[in-house]
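Here's the structure, in structure tokens; my notes come after.
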Amino acid sequence: MSRIAYVNGRFVPHRHARIHIEDRGNQFADAVYEVWGVKDGALMDFAGHISRLTRSLDELQIKPPMGAAALAAIISRMVTLNHIRNGLIYLQVSRGQARRDHGFPPANTRPGIMITAKPISAKKAEARAQKGISVITQDDIRWGRRDIKSTSLLPNVLAKQAAIEVGAGECWFIDREGKVTEGSSSNAWIVTADGVLITRPATNDILNGITRRTIFNLAKKAGLKIEERAFTPDEAYGAREAFVTSASAFATPVVEIDGNVISNGHPGTFSLQLRETYVATAKERALQPINRPSVWLVARGGERLVN
Ligand code: PLP
């Protein structure tokens, strides 16, 4: 089955999908991106990712390539064209194509957009979560605006590779004060001995994960205690539980950090329960097509996109 990509206004076979060499995303990482998880055909946390995309574009003064409704229709079409039941949708918007110069290109430069889709094995992801992953830590050498979902990910790439090379699943970044910021592609959480969930506040120091926010709200609704504060690796080593959240990992338990076994070395009940609830309620926050093909809305709790 051939994969389909969307590039600058066209659905094209993945193997023929091309962007220009002077796309600013390519030369300067002058671009932002979003990733949606697809679960049983539904685009998870649809509205949350759209609103973060809008914010990232706004912060960098990149023009939105189209309105939210048109984008929703294209993303949804990508799911069906690629027959994705479980997988990921990747979307990138750059400042466009222009002769290389650091300053912004002329105001009439069209933003570049590309979207890809890839299936993932829900079974493998679930098995990984049921086993738990290990995590290493490294200094956070990234820029000061980690709240913007920019494609400038080289430190994240190097950190993830360092984790892979020692058989770990993620690398947590440590700031200058010796506190955990987040993972290379996920947010970091621990659960204290008294059952309090701890995660870093969403400032410029971390990406405000859409999954982080959803898990936060689900935990609150379940009556769990949550504290938004930074924590040290030492506190994490002694935690009752630890886990990571992201659009692709949902909530995935962490069972070892820097070689220190967390609790009894098995995924904790808070982490697994939150994962289960996140998946069970996914459809409520997903993009749902309704009667007319041009009309899309986000079910319960989401924003209406178009009429
Ligand atoms: N933090 C970083 C650095 C990430 O790259 C990601 C996801 O890619 C996240 C956190 C989690 O964000 P989300 O839950 O929106 O996928």
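Length available on full extension from Tyr237 to His14: 0.36 nm per residue minus the Cα-Cα distance, which gives 76.0 nm.
The apolar share of the surface of the chain, taken as the fraction of accessible area on carbon and sulfur atoms (1.4 Å probe, ligands and nucleic acids excluded), comes to 51 percent. Restricting the calculation to Cα atoms, region 146-231 shows an Rg/Rh of 0.99 when the hydrodynamic-style radius is the Kirkwood one.
Among Ala163, Ala117, Ala251, the largest mean-square fluctuation in a Gaussian network model of the chain, built with springs joining Cα atoms closer than 10 Å, belongs to Ala163.
For region 20-77, the average shadow cast by the Cα convex hull is 4.7 nm², which is a quarter of the hull's surface.
In terms of its C-alpha gyration tensor, region 113-187 has an oblate overall shape, because the principal axis ratio a/c (a ≥ b ≥ c, square roots of the eigenvalues) is not below 1.5 and a/b does not outweigh b/c.
The angle separating the long axis of helix 269-280 from the principal Cα axis of greatest extent in the chain is about 30 degrees.
Averaging the sequence gap over all C-alpha pairs within less than 8 Å and six or more residues apart, then dividing by the number of residues, gives region 175-232 a relative contact order of 42 percent. In terms of Cα atoms, the Rg and Dmax of region 93-248 work out to 17.8, 57 Å.
Tell me the net charge near Val7. Cut-off is 11 Å between Cβ atoms, Val7 excluded, with +1 for each Lys or Arg and -1 for each Asp or Glu. Once all neighbours under 11 Å are counted, the net charge is +1. Using a Gaussian network model of the chain in which every pair of alpha carbons under 10 angstrom is joined by a spring, one finds that among Val254, Val191, Val279 the greatest mean-square fluctuation is at Val279. Annotation: Cα Rg of the chain relative to the compact-globule expectation 2.2 N^0.38 Å equals 1.00. Please identify, among His16, His83, His266, the residue showing maximal mean-square fluctuation in a Gaussian network model of the chain using a 10 angstrom Cα cutoff. In the Gaussian network model the winner is His16.
Axis angle, to the nearest 10 degrees, between helix 210-221 and the longest C-alpha principal axis of the chain: 50 degrees.
As an exercise, use a Förster radius of 41 Å and the Cβ-Cβ distance of Gln273 and Ser2 to find the FRET efficiency, rounded to the nearest 0.05. That gives a FRET efficiency of 0.55. With the gyration tensor restricted to C-alpha atoms of region 83-150, the semi-axes of the equivalent ellipsoid amount to 35, 22, 7 Å, longest first. Computing FRET efficiency as 1/(1 + (r/R0)^6) for Arg213 and Phe104, where r is the C-beta to C-beta distance and R0 is 35 Å, gives about 0.70. All C-alpha to C-alpha distances of region 1-156, sorted into 10 Å bins beginning at zero, yield P(r) values of 10, 34, 36, 18, 3, 0 percent in whole numbers. Working note: 222 nm ellipticity from helices only, DSSP H runs with n ≥ 4, each -39,500 (n - 2.57), summed and divided by the residues of the chain, gives -8000 deg cm²/dmol to the nearest 500.
Where does helix 68-81 land angle-wise versus the long Cα axis of the chain, in degrees 0 to 90, nearest 10? Compared with the principal axis, the helix lies near 80 degrees.
Accessible surface for the chain, divided over its residues, is 49 Å² per residue with a 1.4 Å probe.
Label-to-label distance, Arg229 versus Gln27, with points set 7 angstrom from Cα along the beta-carbon direction: 4.8 nm. In whole Å, how far is the Cα centre of region 201-230 from that of region 119-184? That distance is 17 Å.
In region 1-53, the convex hull through the Cα atoms has an average projected area of 5.1 nm², a quarter of its surface area.
The values are calculated or read from the model by the stated rules, or taken from the named source; none is laboratory data. Since the structure is predicted, the reported quantities are computational estimates derived from the model, not experimental observations. Cβ sites come from the backbone with ideal geometry, for glycine too, and all protein chains shown count toward neighbours. What goes into the accessible areas is simple: the full protein's heavy atoms, side chains included, and nothing from ligands, DNA or RNA. Shrake-Rupley method; radii C 1.70, N 1.55, O 1.52, S 1.80 Å.
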